[in-house]
Amino acid sequence: MISYRHHIVSLVAMFLALAVGVALGGGPLSDLGRDDQPASASTGEQQEAARAASYGDDFAAASADALYADGLKGHAVAILRMPGADGHDVSDLGAQVEAAGGTVASTYDAQPALVKASEKSLVDTLGSQLMTQLDSNAVSANASTYARMGQILGLAVSAPDVADADVSSIRESLAGADLVSSPDQAASAPLVLVVLGRGADPAITSGLMSGLATKATGVVVAGASSSGEPGGALADLRSEPAADQVTTVDGVDAPLGQVTAVLALIRSLSVQGGSFGASGSDGAVPLK
């Protein structure tokens with residue numbers, strides 16, 4: 001039997017497809033203005049198209065609580081804001097995490113040096129130093145520069161089986177090298193929501209995400225609508241090996257994408273991987 005939750009999600013996906021089709025001229029209103037009438041649409045037609053295009057966002061906002069069903073209750077989420085990520089999107093995502101019953105443990109800010117190819121030697125040197133200071137099983141000795149740094153970042157953010165003193169040392173070292181800043185007394189979290197910006201080298205991002213995924217229970221990497229388009233940061237990441245280890249969601253600059261990202265976090269408690277959103281290859285909305 002199809003559950004109420006699945007029925008709602010199917011409706012969201014259907015109306016998202018309708019909205020995208022209308023916005024791009026591929027929906028049922030795509031023939032407006034293509035006969036003998038003037039090409040420009042009337043004000044009424046424009047308003048109707050705008051309402052149809054926003055339906056998915058309105059529906060997601062109204063039904064978010066029912067879709068979440070407290071799926072993050074008792075779970076903490078760390079947010080990692082990558083360089084260039086929109087602050088409003090990060091704040092809105094945090095609010096949706098709380099709406100799903102979860103808590104935002106801390107928000108970490110990755111600095112430009114972390115993802116600049118010209119700063120690879122800094123990342124490599126610090127990663128090597130921290131690796132020698134930690135337990136021999138904490139970081140893979142044969143990991144590449146950015147995969148190793150991703151593992152170290154995972155220890156700082158999720159801290160699985162790591163002493164508090166070591167976590168503090170890692171965070172201080174990352175902040176001192178101007179790679180990642182964290183708030184004072186930042187709490188660790190098993191789930192990590194990464195919000196991408198623009199312009200990062202996809203290979204660097206892939207390495208960081210693959211390393212992070214080895215330490216966190218679940219990692220969701222999210223970006224704006226444009227990031228899922230060809231040449232966008234999320235589209236590039238989806239072509240990298242790390243895409244099998246993390247869940248990706250585009251469109252978090254709008255309510256529908258934000259709800260989708262939180263549903264992906266809920267799913268990541270038990271299932272890893274997947275590509276969701278308007279440009280996602282696995283569908284608009286993640287299902288359990």
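Among the residues of the range 226-236, is there at least one that is surrounded by 23 or more Cβ atoms within 10 Å (Cβ to Cβ), out of contact with any Leu (no Cβ under 6 Å at 6 or more places or on another chain) and part of a loop (DSSP other than H, G, I, E, B)? No: the range 226-236 contains no residue that is surrounded by 23 or more Cβ atoms within 10 Å (Cβ to Cβ), out of contact with any Leu (no Cβ under 6 Å at 6 or more places or on another chain) and part of a loop (DSSP other than H, G, I, E, B).
Checked against (1) out of contact with any Gly (no Cβ under 7 Å at 6 or more places or on another chain); (2) more than 15 Å from Val180 (Cα to Cα); (3) crowded, with 16+ Cβ neighbours inside 10 Å; (4) touching a residue at least 24 places away in the same chain (Cβ under 8 Å), Met131 meets all criteria but (4).
Only residues that are surrounded by fewer than 22 Cβ atoms within 10 Å (Cβ to Cβ) and either of a type in the set (Gly, Ala, Ser) or not in a loop (DSSP other than H, G, I, E, B) (or both) were counted in the range 276-288, giving 3.
Just so you know, all these numbers are worked out from the coordinates, no wet-lab data involved. Since the structure is predicted, the reported quantities are computational estimates derived from the model, not experimental observations. Cβ: placed from backbone, ideal geometry, glycine included. Neighbour counts: every protein chain shown.
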